[in-house]
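Trainee: Below is the structure I would like to discuss, written out as structure tokens.
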Amino acid sequence: MELKDSTVLVTGGGSGLGGATARAIVAAGGRVVIADVNRDAGQTLAEELGASARFVATDVTDEVAAKAAVDAAVELGGRIDGLVNCAGIVVASKAVGRDGPHDLASFTRCIQINLIGTFNMIRLAAAAMQQQEPNAAGERGVIVNTASVAAYDGQIGQVAYAASKSGVVGMTLPLAREFARAGIRVLTIAPGLFETPMMSALPEAAREALGQITPFPPRLGKAEEFASLACYILTNTMLNGETIRLDGAVRLPPK
């Protein structure tokens, strides 16, 4: 798939990893639909990117809103060539802490957004992609998900987040196998410690300390580095069914 003249739907596209990916797609000559619950951030970025971008207010857990985002991509470009799932939240809590058991509602919300929301977008985008004509390589679309190294190295207090991201990793291969007959590829990126809006809430000293535990480069990852990999995945037809760690060789300690 060539990014030029392609249309990609990016969830969580108003900022962070999704925002950088949206910018990279437009810079490469593509079109992007920015799907985000944050109306201000999403609309501001869409206006910045111009005619090649459109913002759609989207709760990825809502069937109607998710379908509207997919439809917007088809309307913008005549087809939906790619989906990049970046929408997600972090929940930090022990299974049993000082105040008692993990709040079940927050655990459920983390799974609902990170895992079920990702699957919701996949199923709807793939359904639209299957109706499209394939390109010269037989490809109808590409789906790129976002997991985390927490799927493998989950820390104490990350039980909800690690469970949700492990689920994203776990469904990557079966989805790639199922969609192979339609020429739709499915891959997942598992970022390490990255500069994101969630990370920016920490003090500068804390961010620097986190960056230093990454072997090389000894710093936090940049959103543009995530975007670069996402775009490469979209364009390399041989990549399929894999989760790629983008982490500077970091392995998270227990806590």
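The values are calculated or read from the model by the stated rules, or taken from the named source; none is laboratory data. The model shown is predicted, which means the values in this text are computed figures rather than measured ones. FYI the Cβ positions are ideal-geometry reconstructions off the backbone, even for glycines, and counts take in every protein chain you see.
Trainee: Could you tell me whether residue 40 is among the charged types (D, E, K, R), under 21 Å from residue 141 (Cβ atoms) and either touching a Gly at 6+ places or on another chain (Cβ under 8 Å) or in a helix (DSSP H, G or I) (or both)?
Mentor: For residue 40, the condition - among the charged types (D, E, K, R), under 21 Å from residue 141 (Cβ atoms) and either touching a Gly at 6+ places or on another chain (Cβ under 8 Å) or in a helix (DSSP H, G or I) (or both) - is not met.
Trainee: Of everything in the range 25-44, what is crowded, with 24+ Cβ neighbours inside 10 Å and of a type in the set (A, V, I, L, M, F, W, C)? Give them in sequence order.
Mentor: If the condition is that a residue be crowded, with 24+ Cβ neighbours inside 10 Å and of a type in the set (A, V, I, L, M, F, W, C), then 25, 32, 33, 34, 35 are the ones that fit.
Trainee: Something else: Out of everything in the range 213-255 that is among the aromatic types (Phe, Trp, Tyr) and out of contact with any strand residue (DSSP E or B) (no Cβ under 7 Å at 6 or more places or on another chain), what residue ends up being nearest to residue 147 (Cα to Cα)?
Mentor: Looking at the filtered set, the residue picked out is 232.
Trainee: It is to be established whether one or more residues within the range 200-221 are within 16 Å of the chain's Cα centre (by Cα) and either in a helix (DSSP H, G or I) or without any contact (Cβ under 8 Å) to a residue 12 or more places away in the chain (or both).
Mentor: Scanning the range 200-221, I find no residue that is within 16 Å of the chain's Cα centre (by Cα) and either in a helix (DSSP H, G or I) or without any contact (Cβ under 8 Å) to a residue 12 or more places away in the chain (or both), so the answer is no.
Trainee: Hey, does the range 209-225 have a residue that's closer than 28 Å to residue 31 by Cα, crowded, with 18+ Cβ neighbours inside 10 Å and of a type outside the set (Asp, Glu)?
Mentor: yes
Trainee: In the set 100, 138, 154, which member is small (Gly, Ala, Ser) and at pLDDT below 95?
Mentor: Being small (Gly, Ala, Ser) and at pLDDT below 95 holds for just one of 100, 138, 154, which is 154.
Trainee: Condition first: charged (D, E, K, R), in contact with a Leu (Cβ under 7 Å, 6 or more places away or on another chain) and in a strand (DSSP E or B). Can you find one or more residues in the range 56-70 that meet it?
Mentor: No.
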